[in-house]
């Protein structure tokens, strides 16, 4: 049976060859190499491996595993913090952009509404001015028409009075020569009589 173990590596062979530094994955690959290169047992699918060598490789892998896991967790945490920071910055930027867009929209909407209100006020003022001008014209026309009626009555009364005066009293000759008939100065002829 001694010849079965003579091809196995001795326990003093180191896990890591000189100048070679293995990480956890390297140590696991070394354990796989040990098992795959081990001599098969006669009449069996089993292999003979150095328990001590394989346990040393696996123990070294387990010892390095927490450091690598800690580094991986740290890297994951750093990545998550970085992504969270970028997400917060993106959210803040989007909020700023939305606020600016809303401000611009509301500002343009305010301007549009103000222009509409101003146009409405201007249209109302023009309509009111037209209405007042028409009312003033109608008022003046009514007053002038009333004055025209009064003046026509006065004119008829003056004519009738003159006609009566002319029919009842002949005018002196010197008055007739001075004022031809139909002249407005006839109105003052009564002072001469």
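Determine which member of the set 87, 72, 95 is over 24 Å from the mean Cα position of the chain (by Cα) and either within 27 Å of residue 25 (Cα to Cα) or modelled with pLDDT of 90 or more (or both).
Selected residue: 72, the only one of 87, 72, 95 that is over 24 Å from the mean Cα position of the chain (by Cα) and either within 27 Å of residue 25 (Cα to Cα) or modelled with pLDDT of 90 or more (or both).
Is it the case that residue 103 is surrounded by 10 or more Cβ atoms within 10 Å (Cβ to Cβ), modelled with pLDDT under 85 and in a helix (DSSP H, G or I)?
Spelling it out, residue 103 is indeed surrounded by 10 or more Cβ atoms within 10 Å (Cβ to Cβ), modelled with pLDDT under 85 and in a helix (DSSP H, G or I).
Consider residue 10 against the criteria (1) modelled with pLDDT of 80 or more; (2) farther than 30 Å from residue 72 by Cβ: it satisfies all of them except one. Which criterion is unmet?
Against the list (1) modelled with pLDDT of 80 or more; (2) farther than 30 Å from residue 72 by Cβ, residue 10 comes up short only on (1).
Name the residues in the range 24-74 that are in contact (Cβ under 8 Å) with a residue 40 or more places away in the chain and part of a helix (DSSP H, G or I), would you?
Selection gives 24, 52, 53, 56, 57, 60, 64, 65, 68.
The values are calculated or read from the model by the stated rules, or taken from the named source; none is laboratory data. This one's a predicted model, so the numbers in the text were calculated from it and none came from an experiment. No Cβ is skipped: glycine too gets one built from the backbone with ideal geometry, and neighbour counts run over all protein chains shown.
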